[in-house]
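S.K.: Please see the structure below; I have some questions.
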Amino acid sequence: AYRISIPEAVKVGMLSAVQFIIGKVQIEIYGKRNDENSKDYLERMGKDIIRQGGNIAAAKLYKKIFEKRGIRFIMFTASVNQGRNLVTELRSNGISAEIITGEMRINDREELFKRFANNEFKVLVGIDTIKEGFDDPGVHGVLYAYPVGSMVDLIQGAGRATRIHDSFPEKVAYIVQ
């Protein structure tokens, strides 16, 4: 058995250089309204946290830092619903984005992968569908639009951006949490 760390893998040319970015967000939470019960309040608060802290922050960060570089990103969400909302948020900010889900037919997924590889859109939003086994060395970034609780999930997702790109030897993989 052989074990290698990420810095060692970068040094020997197995992975691209990696930059980890921790995004800080400010979320405005409003108190319970007179017309809502506790369950409705908690549901609204949860949606606000995900929307403001995940989706809006992800779109703003990509727009501010990565859009001008023209690089392609994979953004992971906690649910299909959040993924669809993230695509809407990205598009409303002028960022071309598509979502891939486990509900899609294999042919539709393959067509989406081709379009992504051909730079027809810049952000591919996924849930667990593409955390493993998806290899596209042209992906330069992975962003998690939710707090990742598992180091295994974080590393598997990050692996989507750390593939060596022969045409771009100075590639840096951006991993945003």
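S.K.: Hey, Glu98 hits all of (1) closer than 23 Å to Arg163 by Cβ; (2) in a loop (DSSP other than H, G, I, E, B); (3) open to solvent by 40 Å² or more (accessible area, probe 1.4 Å) but one; which does it fall short on?
M.R.: So Glu98 meets the others, but not (2).
S.K.: Can you name every residue in segment 58-81 that is within 14 Å of Ala97 (Cα to Cα), out of contact with any Gly (no Cβ under 7 Å at 6 or more places or on another chain) and open to solvent by less than 50 Å² (accessible area, probe 1.4 Å)?
M.R.: Ala58, Ala59, Tyr62, Gly70, Met75, listed by residue number.
S.K.: Okay, next question. I'm trying to understand the selection: among the residues of segment 137-151, which are open to solvent by less than 20 Å² (accessible area, probe 1.4 Å) and part of a loop (DSSP other than H, G, I, E, B)?
M.R.: Of everything in segment 137-151, those that are open to solvent by less than 20 Å² (accessible area, probe 1.4 Å) and part of a loop (DSSP other than H, G, I, E, B) turn out to be Gly138, Ala145.
S.K.: For the subset of segment 22-57 comprising residues that are outside any helix (DSSP H, G or I) and surrounded by 14 or more Cβ atoms within 10 Å (Cβ to Cβ), which member is modelled with the highest pLDDT?
M.R.: Looking at residues that are outside any helix (DSSP H, G or I) and surrounded by 14 or more Cβ atoms within 10 Å (Cβ to Cβ), I get Gly23.
S.K.: Another question, then. Between residues in segment 98-117 that are closer than 23 Å to Asn81 by Cβ and of a type in the set (Gly, Ala, Ser) and residues that are open to solvent by less than 60 Å² (accessible area, probe 1.4 Å) and modelled with pLDDT under 90, which pairs lie under 7 Å by C-beta distance while being six or more apart or on different chains?
M.R.: Filtered contacts from segment 98-117: Gly102/Thr129.
S.K.: Can you say whether Leu86 is touching a Ser or Thr at 6+ places or on another chain (Cβ under 7 Å) and among the aliphatic types (A, V, I, L, M), as far as the supplied structure shows?
M.R.: yes
S.K.: Output the number of residues of segment 157-177 satisfying the condition of being assigned to a loop (DSSP other than H, G, I, E, B), farther than 22 Å from Arg109 by Cβ and hydrophobic (A, V, I, L, M, F, W, C).
M.R.: 2
S.K.: So, one more: Go through Leu154, Leu124, Leu90 for me and flag whichever is open to solvent by less than 50 Å² (accessible area, probe 1.4 Å), among the aliphatic types (A, V, I, L, M), outside any helix (DSSP H, G or I) and touching a Phe, Trp or Tyr at 6+ places or on another chain (Cβ under 8 Å).
M.R.: One residue alone meets the criteria, Leu124.
The values are calculated or read from the model by the stated rules, or taken from the named source; none is laboratory data. Just so you know, these numbers come straight off a predicted model, no measurement behind them. Cβ atoms come from the backbone with ideal geometry, glycine included; neighbour counts cover every protein chain shown. With ligands, DNA and RNA removed, areas are computed over all heavy atoms of the protein, side chains included. Shrake-Rupley method; radii C 1.70, N 1.55, O 1.52, S 1.80 Å.
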